[in-house]
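Note sheet for the following structure.
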Amino acid sequence: MDFVNVIVDISHEKVDRVFQYRIPEHLKSRLQAGMQVRIPFGRGNRLTKGYVVGFSERPDYPPEKIKELAGIVEGSVKAESQLIALAAWMRERYGSTMNQALKTVLPVKQKTRQKQSRKLVRSISVLEGGQLLEEYRRKKYQAKARLLEALLQNEELDYEEAVKSLKLSAAVIKGFEDKGIVRVESRTLYRNPFADHFTKKEKEVLLNREQAEAVEGIWADHQSGIRKTSLLHGVTGSGKTEVYMELIARVIREGKQAILLIPEIALTFQTVRRFYERFGDRVSVMHSRLSGGERYDQFMRAQNGEIDVMIGPRSALFTPFSKIGMIIIDEEHEGSYKSETVPRYHAVDAARFRARMCGASVVLGSATPSVDSYDRACSGRYGLYRLTGRYGDAKLPGVAVVDLRTELKEGNRSIFSRKLRAAMEDRLRRGQQTMLFLNRRGLSGFVSCRSCGTAIRCPHCDVALSLHNDGRLRCHYCGYETGMPPLCPSCGSRYISGFRAGTQQIEREVQKLFPQARVLRMDYDTTRTKESYEQILTAFGRGEADILVGTQMIVKGHDFPNVTLVGILAADISLYASDYRSSERTFQLLTQAVGRAGRGRQAGEAVIQTYVPEHYSIRTAARQDYEGFYRQEILYRRMMGYPPAAFMLGIYLSGSEEEFLEKQAERLGNAIQRLCTEGLVVIGPAVAALSRKKDMYRMVIYLKHMKETVLLHVKNQIERILEQEAVWNKIYIQFDYNPLNAY
């Protein structure tokens, strides 16, 4: 390690160059990624500050032109250094440029106009002020007399209020300042987006036995200096949030800070309310729906140590806290924790890396943990704590599974089964609420039979084939394709086609069947504005609607005590995604949806409508049986060599010329084969799930190997191959480690 790469002045928007310096011998053992260093910079070799972003054994420039590092900045900003180191790790692991990684963890601080609070503070004694006041009155300096009289009555005055009520000019105040009679003190007022919504409430939270055992177990490791990752597996409604709050309270008492990640902006309002009531305005939130000024202010409040807890989606992980004690990731199984832009990092992995740097603990929570996390917990790499019962006296809902094939045979072609329709009528009669969940996740042109439930699948990858506009069915892993069959190959039925339904259609059908019902719809179209999530959820929570229709955003973490019925429409759609995780996602969505019912004192019920009631993900979801699902799913993963049984790397290629892209994808696939890495499986190149986007054609290559380190080494070799020829600059290439979604 002879040379160090340094980024200079990261606060500027155009972070587009890394500079290289020679490492002095006495610093080689001390330097680490993320450290702040002093470097000679520019023609005059003036010393300036930069951040270490990487190391190299060989120079990128002629050695005689490379300057020597001047030194390390002792006691530099710890939080920013951690984030720089995190960016360096992300660049290495996920294959982005350093600039892309830096702009992810240190987004441009777009400073907006700050609100200022100014006050006038008397700087002289009452005796001196009294003598001066007599003089002003004698000389008939009326404005000065008014101001001084007010200051003698109150040592401090609000600046704006004093100017307005005392009718003062700026010259009068400036004259008082110059004579040392008064001083003007300014304070920046940071916007708090929830300050007007909530108030802190002093109330005792009593944990049940399982919650207390989870808290004490996690905290015992933390106190012992064991900074491991723990998985909190609790059924829906088991009180995971109470565990989080107790752990965070203990972290705060230690003088440390905590980050709580949540998967959806839709969950922000309810989550922040509960934490604000417990911790007051030491809680803040960071998400994309805040204004630029609000986001900047939360960033500054965190940097200035004015808050202890930051809540938000994935990007809240990059809060500039300097004393992190714990990072908690709620609903850790959610795909939204994986970035869909370069670098394609996963928040769970990034959180574990940041926690290692600052000596923090990580807690993952879910009713339906990802197979990857649960596998790590079962093997002892994670701690495992279980909450098996609902908090309080609430019971898990009863679940009915309706076979839509039977409904079709008996003449019911409606979106609603007879069972669900009767249950909805019953809830309307009793004044209770219903949630209707349309499982649209993974809807990408799959083809299935309504008579027998069979979906057309790839014979090589065991994922559903996708129907393209040219009428061909394709696999987006290996490129296999076939024509659209006129009849079901399994039962011969002519009822074979793609699925066509949406939330608007569901809403219309509900209003047609139940004209007396008050209906709200929650989907992408109805939640585009800043306040739309809160408005819909608050209205439903207040009982202003009888039925809430929505996509997956309505089934994640919401708590409505009067909801006693959940209807799950087309439960098996997500099974037909061209994705090896389709069974896992189906189980998670159905379990989470079922868990929304009966969270209050009244018993709950869920109705699952499906064409394949015999599928293990649907059977186990109906029983709320995670263990049963995991046992089946992990066997499938091991048999097919999918994560966590093996590791995968997606290589995504896109370009404006289809023929050229195909040629280069084939070249790259052949080059990877020539690496002769033992045990490496190369799948593709194949046309991507979305074959063209914004006039850019897309292809994909997947790599599989039993060892993570081997895949990372192969990625580095591929990057070197791409650097050798300028022709690769004509196409855009991304890496996706253990991809969660089909490209």
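A few comments on the model shown:
- Size of electric dipole in the chain: Cβ of Lys, Arg +1 and of Asp, Glu -1, about Cα centre, debye, nearest 20: 1120 debye
- For the range 490-541, GluC sites (Glu not before Pro) are listed when DSSP marks them as loop and at most 15 other Cβ atoms sit within 10 Å of their Cβ; the list is Glu531.
- Placing unit charges on the Cβ atoms of the charged side chains and taking the dipole of the range 615-718 about its Cα centre, the candidate lying farthest along the positive direction among His615, Val687, Gln673 is His615.
- Cα-based helix-to-principal-axis angle, 347-358 vs the chain, degrees rounded to 10: 40 degrees
- Subset of Lys694/Lys730; Lys338/Lys693; Lys256/Lys338; Lys119/Lys256; Lys140/Lys174; Lys338/Lys707 violating a 24 Å alpha-carbon distance limit: Lys256/Lys338; Lys119/Lys256
- J(HN,Hα) series, the range 32-39, from Karplus relation 6.51 cos²θ - 1.76 cosθ + 1.60, nearest Hz, glycine and proline x: 9, 4, x, 5, 8, 10, 9, 9
- Per-residue ellipticity at 222 nm, computed for the chain from helices alone with -39500 (n - 2.57) per DSSP H run of at least four residues, works out to -10500 deg cm²/dmol.
- Among the trypsin sites (Lys or Arg not before Pro) within the range 656-689, those in coil by DSSP and having at most 11 neighbouring Cβ atoms inside 10 Å are Arg674.
- Shape analysis of the range 259-362 places it in the rounded category; the axes a ≥ b ≥ c from the Cα gyration tensor give an a/c below 1.5.
- Placing unit charges on each Cβ (+1 for Lys and Arg, -1 for Asp and Glu) gives the chain a dipole about its Cα centre, and among Leu31, Ser532, Met640 the Cα reaching farthest toward its positive end belongs to Ser532.
- Between Gly54 and Asn5, the built amide H atoms are under 5 Å apart, and every one of these is 5 or more places off in sequence or on another chain.
- Computed from the Cβ-Cβ distance with R0 of 30 Å, the FRET efficiency linking Glu481 to Val727 stands at 0.60.
- For the chain, the alpha carbon positions stretch 107, 79, 52 Å along the principal axes, listed from largest to smallest.
- Vicinal HN-Hα couplings computed from phi for the range 420-434 (Karplus, 6.51 cos²θ - 1.76 cosθ + 1.60; Hz; Gly/Pro x): 5, 4, 5, 5, 5, 4, 5, 5, 4, 5, 8, x, 9, 9, 10
- Relative counts (whole %) of C-alpha pair distances in the range 24-103, using bins that are 10 Å wide: 17, 44, 36, 3
- Label-to-label distance, nm, for residues given as Phe353 and Leu675 (7 Å Cα→Cβ offset): 1.8 nm
- Among the protein heavy atoms of the chain, carbon and sulfur supply 47% of the accessible surface, probe 1.4 Å, non-protein parts ignored.
- For the range 505-557, the Kirkwood radius over C-alpha pairs fed into Stokes-Einstein at 37 °C and 0.692 mPa s yields D = 283 µm² per second.
- Order of exposure, largest accessible area first, which applies to Ile72, Ile311, Ile252 with probe 1.4 Å: Ile252, Ile72, Ile311
- Global geometry of the range 195-349, whether rounded, prolate or oblate, following the gyration tensor of its Cα atoms and the 1.5 cut on a/c: rounded
- FRET efficiency for Arg38 and Ala249, using Cβ-Cβ distance with R0 set to 30 Å, rounded to 0.05: 0.15
- For Ile329, the amide hydrogen comes within under 5 Å of the amide hydrogens of Leu261, Val363, Leu364, Gly365, counting only partners 5 or more places away or on other chains and with H modelled in the peptide plane.
- Protein heavy-atom accessible surface, 1.4 Å probe, per residue over the chain: 45 Å².
- Estimated vicinal HN-Hα couplings, Hz - the range 625-639 in sequence order (Karplus 6.51, -1.76, 1.60; Gly, Pro = x): 10, 5, 4, x, 5, 4, 4, 6, 5, 5, 5, 4, 5, 5, 5
- Between Lys201 and Ser656, the modelled labels are 5.8 nm apart [label points 7 Å from Cα along Cα→Cβ].
- Distance distribution P(r), the range 339-439, all Cα-Cα pairs, bin width 10 angstrom from 0: 10, 24, 23, 21, 18, 4, 0 percent.
- Cα gyration tensor shape for the range 605-713, rounded if a/c is under 1.5, else prolate or oblate: oblate
- The candidates Lys338, Lys174, arranged from most to least accessible area with a 1.4 Å probe in the full protein assembly, appear as Lys174, Lys338.
- Near Leu384, the amide H atoms lying under 5 Å from its own belong to Leu231; only residues 5 or more places off or on other chains count, and H is placed 1.01 Å from N.
- Annotation for the range 609-641: GluC sites (Glu not before Pro) lying in DSSP loop with at most 15 further Cβ atoms inside 10 Å of their Cβ are Glu614.
- Relative to the dominant Cα principal axis of the chain, helix 503-513 is inclined by about 70°.
- Distance in nm between pseudo-label sites at Glu156 and Glu25 (7 Å out along the Cβ direction from Cα): 5.9 nm
- Think of each Lys and Arg Cβ as +1 and each Asp and Glu Cβ as -1; about the Cα centre, that makes the dipole of the range 209-342 roughly 280 debye.
- Length gained when the stretch Glu544-Ser224 is fully extended (0.36 nm per residue, less Cα-Cα span): 110.2 nm
- Pairwise FRET efficiency - Glu627 versus Arg209, Cβ, R0 = 22 Å, nearest 0.05: 0.60
The values are calculated or read from the model by the stated rules, or taken from the named source; none is laboratory data. Only a predicted model underlies this, so the values are computations on that prediction, with no experimental measurement involved. Cβ: placed from backbone, ideal geometry, glycine included. Neighbour counts: every protein chain shown. Ligands, DNA and RNA are stripped out before the accessible areas are found, and what is left, the full protein with its side chains, is counted by its heavy atoms. Shrake-Rupley method; radii C 1.70, N 1.55, O 1.52, S 1.80 Å.
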